[in-house]
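Please read the structure below before turning to the comments.
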Protein chains: 2
Amino acid sequence: MVPNKHDPSRLERICQAKGVKMTGQRRLIARVLSDSEDHPDVEQVYRRAFAIDSEISMATVYRTVRLFETAGVIERRDFGDGRARYEAARGDHHHHLIDLDNGKVIEFRNAELEGLIEAVALELGYRLEGIRLELYGMSAPRSAEEAHTRTKQLQARLAQAVRDRRPR
Amino acid sequence: MVPNKHDPSRLERICQAKGVKMTGQRRLIARVLSDSEDHPDVEQVYRRAFAIDSEISMATVYRTVRLFETAGVIERRDFGDGRARYEAARGDHHHHLIDLDNGKVIEFRNAELEGLIEAVALELGYRLEGIRLELYGMSAPRSAEEAHTRTKQLQARLAQAVRDRRPR
DNA sequence: CTGTAAATGCAAATCATTCGCAGTTGCAGG
DNA sequence: CCTGCAACTGCGAATGATTTGCATTTACAG
C-alpha cells in the first residue's frame with residue numbers, strides 16, 4: 001500500500017536541492033528528522049529510523065547526521081548533557097529555554113535581544129558569527145502555594161543531582 | 001624556603017569556608033585554579049598541578065574538579081570542543097565571546113542584556129535560573145584590505161573544517 | 001596511638017562518537 | 001539494459017574524555 005515512489009520528506013527535498021546524494025538510509029533519516037518536532041539525539045534518531053526500517057546502523061546515522069549538518073540541512077545542538085541533539089535547520093535563528101522541571105525545550109526568538117547581542121559583540125571589537133544562547137528556568141508558579149511545592153521539589157532535585165552527579 | 005604553613009590560595013579559603021575537606025592534592029588543585037586566569041580543561045589543570053607536585057593523578061583531578069564544582073567553588077564551561085573547562089566562580093555572571101581566529105576567550109558582562117534576557121524568560125512564563133550565552137566572532141578588521149585577507153582565511157578555515165569535521 | 005571513614009592511584013570500564021575495511025549500491029556513460 | 005567504480009553501508013574495533021572498582025594510603029577524632 002505504500003507507494004513505491006514515496007513522496008520525499010521536506011528535508012529530502014532540501015538535500016536534493018543542495019545536491020546531496022541520497023540513498024535509502026539517508027532518505028529514511030531525512031524523513032525521521034523532518035517528522036521530529038523535538039531535538040532528538042543520535043540514538044533517538046537511530047531508534048526512530050530503525051522502527052521504520054531495521055536496515056540501518058548507528059554508524060550510518062552518525063555519518064548521515066554529520067553530512068546533513070555540514071550541508072546546512074540540520075543543526076546540531078548541545079544542551080550540556082553530553083550528547084549532540086539535532087533539529088531541521090529553519091531559516092530563523094532561535095534560542096532555547098530548557099524547563100528545569102521536566103527537561104522540555106521551548107524555542108523562542110527575539111529581534112531586540114539579537115540586536116543587543118550583536119551590538120555587544122561589536123562593542124568588543126568583533127563581528128558576530130554565531131550565538132549560542134540557552135536559558136534554564138522553572139515555569140513561574142501562579143500561586144504562593146504552588147511556589148512552595150515547587151521550591152521543595154527543586155531542593156530535592158538539587159540534592160539528588162549533587163548526590164549522583166553526571167546528569168543523563 | 002617555601003613556608004611549611006603555606007598561605008592558602010583564594011579557592012582553598014573558600015573551600016574551607018564551605019566546609020570542604022582539604023587534602024594535599026585538593027589544596028594543590030585549588031591553588032592551580034586560583035592562579036589560572038584562563039579556562040583550563042582537566043588535562044591542563046592536571047599538567048599545571050603535576051608541574052608543582054607530581055604526586056597527583058588525573059583521576060584525582062577529575063574527582064576534585066567535580067567536587068569543587070558541586071560545592072560551587074568553580075564553574076564548568078563548555079565551549080563546544082568536547083571537553084569541560086573550568087574557572088573559579090566569581091560572584092558575577094559573565095558571558096564569553098570566543099575569537100574564531102585564535103580561540104581566545106573574552107569575558108564580558110552587560111546588565112542591559114541580562115535584564116532583557118530575564119524579561120524574555122518571564123514573558124515565556126519562566127523564572128530564569130541560568131543563562132548560557134556564548135558569542136562566536138571574528139575580531140573586526142580595521143581596513144578593507146585586512147577584511148579581504150581575513151575573508152580568505154575564513155574561507156580556507158571553513159573549507160578545512162568541512163573536510164575534516166570534529167573541531168578540536 | 002589507633003581505628004575508621006574518606007581520599008588517592010592505577011587500571012579497567014563507560015559513553016558518545018569515529019574509523020578501517022570488506023562487501024554493497026547508486027548511477028554516469030555506454 | 002549492462003558495466004565500473006566511486007561512494008555508501010554495516011560491523012566491530014579504535015578513540016578520547018570521563019568515571020569507577022579496588023586495594024592502599026591518609027587524615028584525624030577519640
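Brief remarks on what is shown
- Residues that are in a helix (DSSP H, G or I), surrounded by 14 or more Cβ atoms within 10 Å (Cβ to Cβ) and either at positive phi or within 11 Å of DNA strand C (Cβ to nearest atom) (or both) within segment B:16-31 comprise B:Gln25, B:Arg26, B:Arg27, B:Leu28, B:Ile29, B:Ala30, listed in sequence order.
- Considering residues of segment B:10-43 that are modelled with pLDDT of 90 or more and of a type in the set (S, T, N, Q) only, the residue nearest to DNA strand D (Cβ to nearest atom): B:Thr23
Residue-wise test of (1) farther than 28 Å from A:Leu11 by Cβ; (2) in contact with a His (Cβ under 8 Å, 6 or more places away or on another chain); (3) modelled with pLDDT of 90 or more; (4) surrounded by 16 or more Cβ atoms within 10 Å (Cβ to Cβ).
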residue	(1), (2), (3), (4)
A:Ala111	no, no, yes, no
A:Ser139	yes, no, no, yes
A:Ala147	yes, no, no, no
A:Leu154	yes, no, no, no
A:Arg157	yes, no, no, no
A:Arg165	yes, no, no, no
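- Selection within segment B:102-112 - within 7 Å of another protein chain (Cβ to nearest Cβ) and either out of contact with any Phe, Trp or Tyr (no Cβ under 9 Å at 6 or more places or on another chain) or part of a loop (DSSP other than H, G, I, E, B) (or both): B:Phe108, B:Asn110, B:Glu112
- Residues (out of contact with any Phe, Trp or Tyr (no Cβ under 8 Å at 6 or more places or on another chain), within 8 Å of chain B (Cβ to nearest Cβ) and surrounded by 15 or more Cβ atoms within 10 Å (Cβ to Cβ)) located in segment A:113-124: A:Leu113, A:Leu116, A:Ile117, A:Ala121
- Residues of segment B:82-101 that are assigned to a loop (DSSP other than H, G, I, E, B) and within 14 Å of chain A (Cβ to nearest Cβ): B:Gly82, B:Arg83, B:Ala84, B:His93, B:His94, B:Leu100, B:Asp101.
- Set A:Ile56, A:Ile117, A:Ile74: member being β-branched (Val, Ile, Thr), away from DNA strand C (no atom under 14 Å from the Cβ) and out of contact with any Lys or Arg (no Cβ under 7 Å at 6 or more places or on another chain): A:Ile117
- Residues located in segment B:46-95, provided they are of a type in the set (Gly, Ala, Ser) and more than 11 Å from DNA strand D (Cβ to nearest atom): B:Ala49, B:Ala51, B:Ser54, B:Ala71, B:Gly72, B:Gly80, B:Ala88, B:Ala89, B:Gly91
- Just one of the numbered conditions (1) surrounded by 15 or more Cβ atoms within 10 Å (Cβ to Cβ); (2) within 27 Å of B:Arg66 (Cβ to Cβ); (3) at pLDDT below 85 is not true of A:Asp99: (3).
- Filter result (in a helix (DSSP H, G or I) and not hydrophobic (A, V, I, L, M, F, W, C)) within segment B:46-71: B:Tyr46, B:Arg47, B:Arg48, B:Thr60, B:Tyr62, B:Arg63, B:Thr64, B:Arg66, B:Glu69, B:Thr70
- Which numbered condition A:Ala51 fails, given (1) exposed (fewer than 14 other Cβ atoms within 10 Å of the Cβ); (2) touching a strand residue (DSSP E or B) at 6+ places or on another chain (Cβ under 9 Å): (2)
The values are calculated or read from the model by the stated rules, or taken from the named source; none is laboratory data. Computed from a prediction, not measured in an experiment: that's the story for all the values here. When we count neighbours, we look across all protein chains shown, and the Cβ atoms used for this are built from the backbone with ideal geometry, even at glycine.
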